[in-house]
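Below is one structure, written out as structure tokens; the observations come after it.
The values are calculated or read from the model by the stated rules, or taken from the named source; none is laboratory data. The structure displayed is predicted, hence computed values, not measured ones. Ideal geometry is used to build each Cβ from the backbone, glycine not excepted, and the neighbour counts take in all protein chains shown.
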Amino acid sequence: MTQGDHSRRQFLQATAGGLVLSSALTSSDTAADEKHATRVTNPVSGDVLQTHGMLSADGTQLVEQQRAIPVAGKTDVLVCGGGPAGIGAALAAARAGASVQLIEMAGCLGGVWTCGLLTKILDSENKSGIMAELLTKFSSRGSEVAKNTHGTVYDPEIAKLVLEELCVEAGVNIRLHTRLAGAVTDEHNRVAAVLTESKSGREAWLADRFIDCSGDGDLAAHAGCRFDVGTGADCECQPMSMLALLTGVDPEAVRPYIREDSRKAKPLLLKLMEEHGVSPSYRGPTLRHLHSGIYSIMTNHEYGVSAFDASAITEATIRARREVHDIINGLRKVGGPWKDISVVATAEQIGVREGRRIKGRYEITAEDLAKGLRHEQAVCRAKFAIDVHALNAHGNKEISREFKKGGLKPYDIPYPALVAADVDGLLVAGRCISGDFIAHSSYRVTGNSVPMGEAAGLAAAESARREILPHELDWREIKPS
Ligand SMILES: Cc1cc2nc3c(=O)[nH]c(=O)nc-3n(C[C@H](O)[C@H](O)[C@H](O)COP(=O)(O)OP(=O)(O)OC[C@H]3O[C@@H](n4cnc5c(N)ncnc54)[C@H](O)[C@@H]3O)c2cc1C
């Protein structure tokens, strides 16, 4: 019998009556237990704060034993998520003089811009502030294509570098590889701390103001905020998409298929694919030329995948990556200019279009878009179309046109839509702000996420400095001129 078998048997015996101690707690080796009890996370020796727990009798739940979590930091402002919104928030708060902690679960900053290999910034033309600054950087540091598109078609690697440089320069404390896993409110219903998990173990972070830029509204949900997901009783959401970088094609030879060079590029590429037996799950295949023989492609849809189901996301990721490779293998068989096309990289993160929409102190609605809302506390004006990708594999597999019926005029994003309704001290920015399903499909694009983040960052810093809560602040008093 192996040692594993022995402890398993010991554990099973212990499960005989009701809630029971786990094998770790039933060990007869008291000396070992004492040693474990005093263990603390140590980044040099690799030691960890050990988890103990109890398994319920039916084996469906494990109750963790209480343990003291080290406080890893205290700042004026904590930003969860380093995507376009989080970058805007962290930079604005730090530049306004606040100490800022940025928590990001990926190994780089940028969110969908970088981990998702997006390569195109929409609805940024009318934006000033940090969005304009980033476009200038992406363009001046980027390729001819980036320059010609004023930075709106950018290289994800340049973006990673620029975002890190700007945050370091502004004095933002960056913590990568760290996932928010909990939030604690105090007796005044204010967010007081968040909990994270990483190679450094479980840690607590304190701040005066918190900003949820996780895209999915993770911080707000953990803090107890109400939220909406998708549309209808089944919370139907827009599909996810795996993006990829490609090479091996001469841009001159495939010019008509490149999105920026031809309005007909998408249907033309679809036709080419279908004529050669390739049938992509997203029927608006979008090919972009980035620089020197490097392209990006978006031609995958993963339908009906919840942003809150890690197993479903895993399956979708594996399926999507397979499809991207199959499509490119298929295109290679077209021959001619396509004969050497190949995949350079698929995105590390499948692109998630929709997560939670956190209830704020204003909810942006389809009616606001139809009438072109004007709001006295506008943080920016959005112009991007209602853009609901097909919700399922039936029908056209491209865009659901039925949601466009109400129409859209350029509309304001009000500051109160960034202020959480249900807990204090919490702002939200990016795609998880307060709005309905249709409004979200428009304001979610990155040209709006950055100014939302910038406004939330400034409001967080300023409300902390004035010792008032974010909802007590009037955006008109602090908005940059
Ligand atoms: C496939 C696809 C194509 C798109 N096409 C375009 C386009 O062409 N142009 C455009 O402008 N927009 C496009 N969008 C929309 C746009 O990318 C997103 O709406 C935008 O990125 C939202 O910005 P964000 O900062 O709110 O969220 P995200 O970019 O999703 O960033 C969220 C960040 O938070 C981090 N995070 C999440 N949860 C946690 C946690 N628990 N702990 C720590 N960190 C966490 C993530 O790693 C990520 O870095 C597209 C989106 C998708 C998915």
* Of the criteria (1) acidic (Asp, Glu); (2) within 9 Å of the ligand (Cβ to nearest atom); (3) out of contact with any Phe, Trp or Tyr (no Cβ under 6 Å at 6 or more places or on another chain), which one Asp123 fails -> (3)
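How many residues are under 24 Å from Ala385 (Cβ atoms) and not in a helix (DSSP H, G or I) if we restrict to region 425-459?
Restricting attention to region 425-459, the residues satisfying the condition of being under 24 Å from Ala385 (Cβ atoms) are 428-455.
Among the residues that remain, those that are also not in a helix (DSSP H, G or I) are: 428-436, 444-445.
The number of residues fulfilling the criteria is 11.
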* Structure fact -> Result of the Cβ filter at 6 Å on region 261-272, keeping first residues that are at pLDDT below 95 and partners that are outside any loop (DSSP other than H, G, I, E, B), at least 6 apart or interchain, is Asp261/Arg255; Ser262/Pro256
* Can Ser279 be described as of a type in the set (S, T, N, Q) and either over 27 Å from the mean Cα position of the chain (by Cα) or more than 30 Å from Glu197 (Cα to Cα) (or both)? -> yes
* Cross-chain or 6+ apart pairs with Cβ under 6 Å, region 84-106 first and under 16 Å from Glu133 (Cα atoms) and among the charged types (D, E, K, R), then at pLDDT 95 or above and not in a loop (DSSP other than H, G, I, E, B) -> Arg95/Ala170
* Structure fact -> Within region 107-116, the count of residues that are within 9 Å of the ligand (Cβ to nearest atom), in contact (Cβ under 8 Å) with a residue 60 or more places away in the chain and either more than 24 Å from Ala459 (Cβ to Cβ) or among the hydroxyl-bearing types (Ser, Thr, Tyr) (or both) comes to 3
* Complete set of residues in region 339-359 that are closer than 21 Å to Gly425 by Cβ and either away from the ligand (no atom under 14 Å from the Cβ) or of a type in the set (D, E, K, R) (or both) -> Arg356, Arg357, Lys359
* **Pair list, Cβ < 8 Å and 6+ apart or interchain, from region 131-150 residues that are modelled with pLDDT of 95 or more to residues that are of a type in the set (Lys, Arg)** => Ser139/Lys147; Ser140/Lys147
* **Within region 128-242, helices (runs of 4 or more DSSP H) holding 2 or more residues that are surrounded by fewer than 24 Cβ atoms within 10 Å (Cβ to Cβ) and away from the ligand (no atom under 16 Å from the Cβ)** => 129-140, 144-148, 156-170
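Evaluate the following for Thr38: is it modelled with pLDDT of 90 or more, loosely packed, with under 12 Cβ neighbours inside 10 Å and not assigned by TED's automatic domain parsing to the domain that holds Pro451?
No; evaluated as a whole, the condition is false for this residue.
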* Asked: Does Ile258 satisfy the condition of being among the aliphatic types (A, V, I, L, M) and either within 14 Å of the ligand (Cβ to nearest atom) or in contact with a Gly (Cβ under 7 Å, 6 or more places away or on another chain) (or both)?
  -> no
* Those residues that are assigned to a helix (DSSP H, G or I) and more than 16 Å from Thr317 (Cα to Cα), I need them from region 100-116; list them, please. => Gly111, Trp113
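Please indicate, with yes or no, whether at least one residue in region 301-315 is over 24 Å from the mean Cα position of the chain (by Cα) and at pLDDT 95 or above.
Our first condition is that a residue be over 24 Å from the mean Cα position of the chain (by Cα); within region 301-315, this holds for none.
Checked region 301-315: no residue is over 24 Å from the mean Cα position of the chain (by Cα) and at pLDDT 95 or above.
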* To do: Would you point out the residue of region 455-470, among those that are out of contact with any Cys (no Cβ under 8 Å at 6 or more places or on another chain) and under 21 Å from Asp218 (Cβ atoms), that is nearest to the ligand (Cβ to nearest atom)?
  => Gly457
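Yes/no per residue for (1) touching a residue at least 24 places away in the same chain (Cβ under 8 Å); (2) surrounded by fewer than 23 Cβ atoms within 10 Å (Cβ to Cβ); (3) more than 30 Å from Ile399 (Cβ to Cβ):
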{"residue": "Val419", "(1), (2), (3)": "yes, no, yes"}
{"residue": "Ile433", "(1), (2), (3)": "yes, no, no"}
{"residue": "Ala456", "(1), (2), (3)": "yes, no, no"}
{"residue": "Arg476", "(1), (2), (3)": "yes, yes, yes"}
* **Qualifying residues in region 460-474 (those that are touching a residue at least 60 places away in the same chain (Cβ under 8 Å) and in a helix (DSSP H, G or I)) - the one nearest to Ala429 (Cα to Cα)** => Ala460
* Out of region 83-99, which residues are within 12 Å of the ligand (Cβ to nearest atom) and assigned to a helix (DSSP H, G or I)? -> Pro84, Ala85, Gly86, Ile87, Gly88, Ala89, Ala90
* Working carefully through the options Asp47, Asp76, find the one that is among the acidic types (Asp, Glu), loosely packed, with under 15 Cβ neighbours inside 10 Å and either within 40 Å of the chain's Cα centre (by Cα) or modelled with pLDDT of 95 or more (or both). => Asp47
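Hey, among the residues in region 378-404 that are in contact with a helix residue (DSSP H, G or I) (Cβ under 6 Å, 6 or more places away or on another chain) and crowded, with 20+ Cβ neighbours inside 10 Å, which one's farthest from Leu458 (Cα to Cα)?
Filtering region 378-404 for residues in contact with a helix residue (DSSP H, G or I) (Cβ under 6 Å, 6 or more places away or on another chain) gives 379-380, 382, 384, 386-388, 403.
If we keep only those that are crowded, with 20+ Cβ neighbours inside 10 Å too, we end up with 379-380, 382, 386, 388.
Working: Val379: 11, Cys380: 14, Ala382: 19, Ile386: 28, Val388: 31 Å.
Taking the candidates together, the pick is Val388.
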* Which of the residues that make up region 418-448 are near the ligand (Cβ under 10 Å from one of its atoms) and closer than 19 Å to Gln101 by Cα? -> Val428, Ala429, Gly430
